[in-house]
Amino acid sequence: MPLTLLDRPEVLRAIFYPRPEYASSAQVAGARALSIQVEPGISVGARLFVADRTAPAILYWHGNGELAADYDGLSALYTDSGITLLVVDYRGYGSSDGTPTCANLLSDAVQVYHAVGQVWQEHDLFPSRLCLMGRSLGSAAAIEVAARFGEDLDGLIVESGFADTFALLSRLGIRIQGANESRDGFNNAAKMERVTIPTLIIHGQEDVLIPAQDGQELFRRCAAEDKHLVLSPGAGHNDLLLVGRELYMDSIIAFVFGESGGPTR
């Protein structure tokens, strides 16, 4: 469904911050630079960090001001813990083709998910489990795929995710009169009602861009019986690793390996 209101130019400028990837960044040891076709003539870039041929894997969509290449320096937190990480860019980001829109963010997420099997095959990987993860803006991509294809997945992780698109836009200085979340927005909260796979939601208690109440609402609306909410004390929107790294990583590692997802609060 076209997201007509969200794809207005003034809204796109507030949501997306695309930037190119420097060619030298592809040379970082252990990072495999990929290109995944999402429609004829259009591909998005991605970064693959392998822990082991059969290690559980996370398919990850990042925040709006990040690149997949930015995870070169963070990937060891996952691979050293036995988790393979595949981080995907949006159109216009890094080495990707095209221009980002809210509509193609969702449609591309679906195409990337469909391409994951080929990625594993090309790199001789046989992940024992596959979880989705979306951070901030990336929560919309991960929730879209989980709501549609959850029966084929082992879990969903949402970090600093938003429940209400237009409340977030208002905090960004964009107010749209007459907008309806179910008709015009990403509709993350309602989609969580179709998510039945194990779910871990991580949020900073001091997040002012996307308040912790958004994470709590996503948790409340989630239809999974096995669901966990981890609120990081003192953490904001962009510093969960800095403020609460042990809680953050311990929760993710346990969840990905099918153990506890951390404390539910």
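Which residue, A33, G45, A76, has the largest displacement toward the positive end of the dipole of the chain when charges sit on each Cβ (Lys, Arg +1; Asp, Glu -1)?
Result: G45, furthest along the dipole toward the positive end.
Pairs of Cα atoms under 8 Å, at least six residues apart: use those to get the relative contact order of region 164-265, whole percent. Kindly include the intermediate steps, with their values, before the conclusion.
Details: 160 pairs, mean separation 24.4, N = 102.
This gives 24 percent for region 164-265.
For region 66-116, what is the accessible area per residue in Å² when the probe is 1.4 Å? Write down the numbers at each step before the final one.
On the way: 1450 Å² over 51 residues.
On a per-residue basis, region 66-116 sits at 28 Å².
For region 31-79, what percent of Cα pairs sit more than 13 Å apart? Working shown, then result.
On the way: 735 of 1176 pairs.
Pairs farther apart than 13 Å: 62 percent.
Could you sort the peptides 55-68, 226-239, 166-179 by per-residue average Cβ neighbour count (10 Å cutoff), highest mean leading? Write down the numbers at each step before the final one.
Details: 55-68: 22.9, 226-239: 18.9, 166-179: 13.9.
The peptides rank, most packed first, as 55-68, 226-239, 166-179.
If the only charges are +1 at each Lys and Arg Cβ and -1 at each Asp and Glu Cβ, what is the size of the charge dipole of the chain around the Cα centre, to the nearest 20 debye? Before the final figure, lay out each step's value.
Details: 20 positive and 33 negative charges, 89 e Å.
Dipole magnitude for the chain comes out near 420 debye.
Choose one answer from A163, A141, A224: the residue with the largest mean-square fluctuation in a GNM of the chain with alpha-carbon springs under 10 Å.
Result for the chain, Cα springs under 10 Å: A224 fluctuates most.
Region 187-261: which GluC sites (Glu not before Pro) are DSSP loop and have at most 14 other beta-carbon atoms within 10 angstrom? Don't skip to the answer; put the middle values down first.
Values: sites: E193, E206, E217, E225, E246, E259; in loops: E193, E206, E225, E259.
Here the sparse-neighbourhood loop sites are E193, E225, E259.
Suppose every K and R has +1 on its Cβ and every D and E has -1 on its Cβ; what is the size of the dipole of region 98-242 about the Cα centre, in Debye to the nearest 20?
On the way: 11 positive and 19 negative charges, 73 e Å.
About 360 debye.
Of the candidates S43, S139, S81, which one comes out as most mobile in a Gaussian network treatment of the chain with C-alpha springs shorter than 10 Å?
Highest fluctuation among the options: S81.
For region 165-265, give the magnitude of the charge dipole about the Cα centre (Cβ charges: +1 Lys/Arg, -1 Asp/Glu; no others), in debye to the nearest 20. Don't skip to the end; give the middle numbers.
On the way: 10 positive and 13 negative charges, 72 e Å.
Value, rounded to 20: 340 debye.
Counting pairs of alpha carbon atoms under 8 Å apart in space and at least six apart in sequence, what relative contact order in percent does the chain give?
16 percent
First check a/c for region 167-265, with a ≥ b ≥ c the square roots of the eigenvalues of its C-alpha gyration tensor; if it is under 1.5, answer rounded, and if not, answer prolate when a/b is larger than b/c or oblate otherwise.
Details: a/c = 3.01, a/b = 1.36, b/c = 2.22.
Cα axes put region 167-265 in the oblate bin.
Report the equivalent ellipsoid semi-axes for region 1-157 in whole Å, largest first, defined as the square roots of five times the eigenvalues of the gyration tensor built from alpha carbon atoms.
Numbers: eigenvalues 116, 65, 37 Å².
One finds semi-axes of 24, 18, 14 Å for region 1-157.
May I ask you to give the percent of accessible area on the chain that is carbon plus sulfur, with a probe radius of 1.4 Å?
On the way: 5450 of 11060 Å².
The C+S portion of the solvent-accessible surface of the chain is 49 percent.
Take each uninterrupted DSSP H stretch in the chain, measure its Cα extent along the helix axis, and return the ones at 27 Å or beyond whose mean Kyte-Doolittle hydropathy is at least 0.0.
102-122
From largest to smallest, what semi-axes in whole angstrom does the chain give when each is the square root of 5 times an eigenvalue of its alpha carbon gyration tensor?
Details: eigenvalues 126, 104, 61 Å².
Largest first, the chain gives 25, 23, 18 Å.
With a cut-off of 8 Å between alpha carbons and a minimum separation of six or more residues, what is the relative contact order of region 89-170 in percent? If you can, show how the numbers build up before the last one.
Values: 82 pairs, mean separation 19.8, N = 82.
The normalised contact order for region 89-170 reaches 24 percent.
The values are calculated or read from the model by the stated rules, or taken from the named source; none is laboratory data. Predicted, not measured: the structure shown is a model, and the values here were computed from it. FYI the Cβ positions are ideal-geometry reconstructions off the backbone, even for glycines, and counts take in every protein chain you see. These area figures cover heavy atoms from the full protein model, side chains too; ligands, DNA and RNA do not enter into them. Shrake-Rupley method; radii C 1.70, N 1.55, O 1.52, S 1.80 Å.
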